[in-house]
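To keep things clear, I will list the structure first and then write my remarks on it.
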Amino acid sequence: MTLPTKPLAIYVDVDDTICKTNGMDYPNSVPMMQNIQRVNELYDAGHHIVYWTARGQKSGIDWTELTAQQLKTWGARYHELKLTKPPYDVFIDDKVINSRDWEQGRWLEVWEDKWK
Ligand SMILES: [Mg+2]
């Protein structure tokens, strides 16, 4: 099973999706290199990658520079970085893919019908 060849706009969370972060201790986030590589593969396949994080949405602290530097250091390839994600506890959405399913490669099956 493969992704469609048409470019998809793919929004990817940062904390606990491509790096391990303890609470809001963003400066000490540890990259999850396998997941970053998975996103890089989507980038290389021509999809539009947006890293979308809620960093600073509650505190008002601007974490843009730190986050951009981390993505650069970690070798994350992307088109846009947006720190505009609203803080939430549960996200109910028909297009969401759980990061654990994504890590285990199960998401393509779930999405097969949507891409037909
Ligand atoms: Mg997260």
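Annotated for the range 9-111: lysine pairs at least 8 residues apart or interchain, Cα distance under 16 Å, count 4.
All alpha carbon pair distances within the range 1-65 were sorted into 10 Å bins beginning at 0; the resulting P(r) in whole percents reads 20, 45, 26, 9, 0. With a cut-off of 11 Å between beta carbons, the residues surrounding residue 70 carry a summed charge of 0, where Lys and Arg count +1 and Asp and Glu -1. Computed about its Cα centre, the charge dipole of the range 32-100 is approximately 120 debye, with only Lys, Arg, Asp and Glu carrying charge at their Cβ. Starting from a Cα-only point model with no solvent, please compute log10 I(q)/I(0) by Debye for the range 30-80 at q = 0.13, 0.14, 0.31 1/Å. Taken in order of the listed q values, log10 I(q)/I(0) reads -0.33, -0.39, -1.23. Ordered from longest to shortest, the equivalent ellipsoid semi-axes for the range 9-111 are 21, 17, 13 Å, each the square root of 5 times a Cα gyration tensor eigenvalue. With the charge dipole of the chain set up from +1 on Lys and Arg Cβ and -1 on Asp and Glu Cβ about the Cα centre, the Cα lying farthest toward the positive end among the listed residues 45, 34, 84 is that of 45.
Every read-out reported here was derived from the displayed coordinates using simple, explicitly stated rules and does not represent laboratory data. Nothing here was measured: the structure is a model prediction, and the numbers come from that model. Ideal geometry is used to build each Cβ from the backbone, glycine not excepted, and the neighbour counts take in all protein chains shown.
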